[in-house]
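The values are calculated or read from the model by the stated rules, or taken from the named source; none is laboratory data. Worth saying up front: this structure is predicted, and the values here are computed from it rather than measured. Please note: Cβ atoms are built from the backbone with ideal geometry, for glycine as well, and neighbour counts cover all protein chains shown. For accessibility, only protein heavy atoms count, side chains too; no ligands or nucleic acids. Shrake-Rupley method; radii C 1.70, N 1.55, O 1.52, S 1.80 Å.
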Amino acid sequence: MIRIDEETKIARLDTPSTSYCLGLADGRYLGLLYYGRRLGTELPGDLAELGRLLKPHDTQPTPLENPGQKLTFMNSYPFELPTWGGGNFHEAALDVRTEAGQNGLEMIYDGCRVFEGKKALPGLPASFGGSCQTLEIDLVDPGLSLRAVLSYTVFSDTDVITRSMTVKNEGTAPVTLTRALSASLMLEDRDFEVLTLGGSWARERRIMPQKLTYGGYVNESLRGESGHQSQPFLCLMTAGTTQKSGEVYCMHLVYSGCFLGKVQIDDQGMAAATIGIHPENYEWRLDPGEAFTTPEAVLTYSAEGLGKMSRTLHDFYRCHLIRSPYLHKDRPVLINNWEATYFDFDSDKLLSIADAAAAAGIEMLVMDDGWFGRRNADTSSLGDWQVNTQKIAGGLGHFAGEVNRRGLRLGLWIEPEMVSPDSDLFRAHPDWALQRVHNEPAQGRHQLVLDLANPAVVAFLRETLDGILSSANIEYIKWDMNRALTDYGSPYLPADRQKELAHRYVLGLYALQDHLVSSFPDLLLENCSGGGARFDPGMLYFSPQIWTSDDMDPVERLAIIEGTALLYPLSTMGAHVSKNRNDVTGRTTAFADRAVMAMLGTFGYELDITTLTADELAQIPGQIARHKAVAGLIREGDYYRLASWRENGDYDLVEVAAKDGSRAVAFLFEVLGRPNMRSRVLRFEGLKENSRYEVTADGRSLGAFSGAGLMYAGLALARKRGDFRATFLEIRECSE
Ligand code: GLA
């Protein structure tokens, strides 16, 4: 709910358990009064009282009170939109270069309005309604006739507030935006720590808490995508925050390109955080009458630690961001041939996999990289999206028929954004690749990046996708992207718009994916980027699942799952049972243990099923049955991170509980066998104290226990012998 005090203009935005309050200094400067735990029931006059309690600016005189000391005010006021050049030396969220070649501006309050619902953001993925209200606040620089509309949406069913900004040129001269970030939070520093996710290929989204000290902390991507190395996410938390306790402020950006997240602890005891499009290598020319809209930032506050933050984000993304018709449906159990064959396959080989897969109860075959052009290695053919009939005899339509005849659906890998220098496409259109006039563009995995800022390229890709999907019964697409962007030069854009390229690329990508999912509404889209380099809320808007990592080793996955599930629902995480020994780590683990861990996601297989032992093959129907029995719960339930190997050096324990507390599943993974230790005591969450639950471990009943007992006393479970051992626990409410 949003309320505004007409006289003071103090605005209070309430979610079920948080409040966000804005105020004005001198009737001009918009600042953050308060963000935190909900301020209780609303009383008449409480907004004005809030203004007295928490003056947006309490120690320094305002510019009206002491014009001669304006600079001191500007540097210490908690601006909602910090701008460059007027004395606020924190990371600015807005800056322009004027026709006079000068930078900087001062944004003054110019009115606000509240409406039911939420507007779409042009060309950008963004959350959508349900029951929500939006507050738009106008700020203007009168000298420049530049207006910024700050947009805040409050959802009645979740503790999220979203923010974005539209900047409009209402003047008669062009201006150039040199930065436009999505959200800033200027809070009083409470000994905050910062938490981000970082990593690398095959080690994505490691949780990285760090102490914040005086100065700045930066989390960024300049790779044209969110990247293996970073996540468009910043979280400030009070010292000692755990899963269950501590105050947490989270900012997550619905964006898939270069971003900046930055926190500064300043000399005044302020923690200034901001997130948005990276200002490095960014400009946007605004001619008179034109507007620019930033991506959306998702803000949430938790007074109950990180666990509450995760569950809020999971619910928010499930209810307000992911649009796919598959969101609430069981996904097909698929088998992907990448690690089974790499490039070395033909339709006979794939159909032999399909035969064995169908017999085991698998539902879809995904043909990965290598089916087109002359693609027998990663050195050629991206861009030449014609099926290679030497490998796939009879073409895609025929092959799909053969796969369907075996009772499987067909999925296909594609990497539309890329071009191999050794391709007919590149030979015909060398100017379609990103490149600078004065450099040979750098190849990565022997490939170049197509210029998605060029509408002709986007049109070509749209036709290519339409052609492939209309040519055969393809029900799933894995959309890959296997290198970062470099050589930011567009042969298409004029010289004064080259710095628009990185963002225009992302807009081109979004337009393509939007076209794909609206033209083929039944298609299941899984995004991917060299493993999990583009796992971000922007891509989730288009695909209900994203390939989490090329690392399917169950031990390495523990940290990847922990980091990814900090922000994303388990239903979004592409997860396959991989082969033995693992190609990435060289580790050997048992088939059954790998299968348990793959249930913490979409569940599928990525191995040559024709080479499994009879014992392994015989396990598959049972694994699929178990997955299906809990898939709905894992998809829709509440996630609890009960123990972390990263923290305890011993084991992981994850639970998913039904929202009504009637059931739960838990996944225990013991990394190394340890002799001569007591049983492990597992304490669960999200159950009903006074109900009884039957508990099974790997299908074996352990008896019935009370919810209170399972949550507070805990369940003692003997440790398994051996290394890398998974246990699958089911907890079901029963009458006795
Ligand atoms: C990326 C993906 C893999 C596979 C290969 C194919 O690395 O993450 O799963 O599709 O590309 O080249």
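Things to note:
- Segment residue 390-residue 359, length gained on full extension (0.36 nm per residue, minus Cα span): 8.5 nm
- Relative contact order computed over region 640-734 (Cα-Cα under 8 Å; 6+ residues apart), in percent: 32 percent
- The long axis of helix 455-471 is offset from the longest Cα principal axis of the chain by roughly 30 degrees.
- Amide H contacts of residue 379 (H built 1.01 Å from N, under 5 Å, at least 5 apart or other chain): none
- Between the amide H of residue 702 and those of 695, 696, 697, distances stay under 5 Å, these residues lying 5 or more places away or on another chain, with hydrogens modeled in the peptide plane.
- Per-residue packing, averaged as other Cβ atoms within 10 Å, sorts the ranges 526-532, 47-53 into the order 526-532, 47-53, beginning with the highest.
- Within the accessible area of the chain (1.4 Å probe), percent carbon and sulfur: 49 percent
- Protection-proxy order for peptides 259-265, 631-637, each taking the mean of Cβ atoms within 10 Å per residue, highest first: 259-265, 631-637
- Spin-label pair residue 128/residue 519, simplified geometry with 7 Å Cα→Cβ offset, distance in nm: 2.0 nm
- Distance between the pseudo-spin-label points of residue 471 and residue 287 (7 Å out from Cα toward the beta carbon): 3.9 nm.
- For the residues 319, 258, a 1.4 Å probe over the protein chains yields an accessible-area ranking, largest first, of 319, 258.
- Residue order by solvent-accessible surface for 550, 723, 369 is 723, 550, 369, largest first, with ligands and nucleic acids left out and a 1.4 Å probe.
- Per-residue SASA entry for residue 5, accessible area with 1.4 Å probe, Å² rounded to 10: 40 Å²
- In the chain, the alpha-carbon atoms span a convex hull of 161 Å³ per residue.
- For region 196-304, DSSP calls about 95 percent of its internal beta bridges antiparallel.
- Ordered from largest to smallest accessible area (heavy atoms of protein chains, 1.4 Å probe), the residues 396, 43 come out as 43, 396.
- Within the full protein context, the accessible area of residue 267 is estimated at about 100 Å² for a probe radius of 1.4 Å.
- Take every pair of alpha-carbon atoms less than 8 Å apart whose residues are at least six positions apart; their mean separation over the length of region 64-120 yields a relative contact order of 24 percent.
- Region 306-318 - phi-based ³J(HN,Hα) in whole Hz, Karplus 6.51/-1.76/1.60, Gly and Pro as x: 6, x, 5, 4, 4, 5, 5, 5, 4, 4, 4, 5, 5
- Computed FRET value (nearest 0.05) for residue 704 with residue 64, which takes r as the C-beta separation and R₀ as 51 Å: 0.15
- The chain - percent relative contact order, Cα under 8 Å, separation 6 or more: 10 percent
- As a ratio to 2.2 N^0.38 Å, the alpha-carbon radius of gyration computed for region 2-320 takes the value 0.95.
- Cα-projected label distance for residue 427 with residue 459, points at 7 Å along beta-carbon direction, nm: 2.5 nm
- Over region 334-636, the pair-distance histogram of Cα-Cα distances with 20 Å bins from zero comes to 33, 58, 9, 0 percent, rounded to whole numbers.
- Only one residue of 629, 370, 115 has its Cα farthest out toward the positive end of the dipole of the chain, where Lys and Arg carry +1 and Asp and Glu -1 on Cβ, and that residue is 629.
- Note on region 470-522 and region 434-463: Cα centroid distance 10 Å, given to the nearest whole angstrom.
- Rounded to the nearest 10 degrees, the angle from helix 614-636 to the longest Cα principal axis of the chain is 30 degrees.
- Whole-Å distance, taken between Cα centres, linking region 622-676 and region 273-326: 29 Å
- Think of a 1.4 Å ball rolled over the protein heavy atoms: the chain then has 35 Å² of accessible area per residue.
- Ignoring aspartates and glutamates fewer than eight residues from residue 628 along the same chain, the ones with Cα atoms less than 16 angstrom from its Cα are 330, 363, 636, 698, 730.
- Nonlocal amide H pairs with residue 682, under 5 Å, H built at 1.01 Å: 715, 716, 717
- Since only 428, 618, 390 are under comparison, the one whose Cα sits farthest along the positive direction of the charge dipole of region 334-636, derived from C-beta charges on Lys, Arg, Asp and Glu, is 618.
- The stretch between residue 674 and residue 659, if pulled fully straight at 0.36 nm per residue, gains 1.9 nm over its current Cα-Cα span.
- Nearest 10 degrees, 0 to 90: helix 554-567 Cα axis against the chain principal axis: 30 degrees
- Residue-wise HN-Hα couplings along region 480-496, as the Karplus relation 6.51 cos²θ - 1.76 cosθ + 1.60 with θ = phi - 60° gives them from phi, are 9, 7, 9, 7, 6, 7, 9, 6, 5, x, 10, x, 8, 6, x, 3, 7 Hz; Gly and Pro carry x.
- 3J(HN,Hα) along region 22-34, derived from phi through the Karplus expression 6.51 cos²θ - 1.76 cosθ + 1.60 where θ = phi - 60°, amounts to 10, x, 10, 9, 6, x, 10, 9, 7, x, 8, 7, 6 Hz, with x in place of Gly and Pro.
- FRET E, pair residue 26, residue 191, Förster distance 45 Å, beta-carbon r, rounded to 0.05: 0.90
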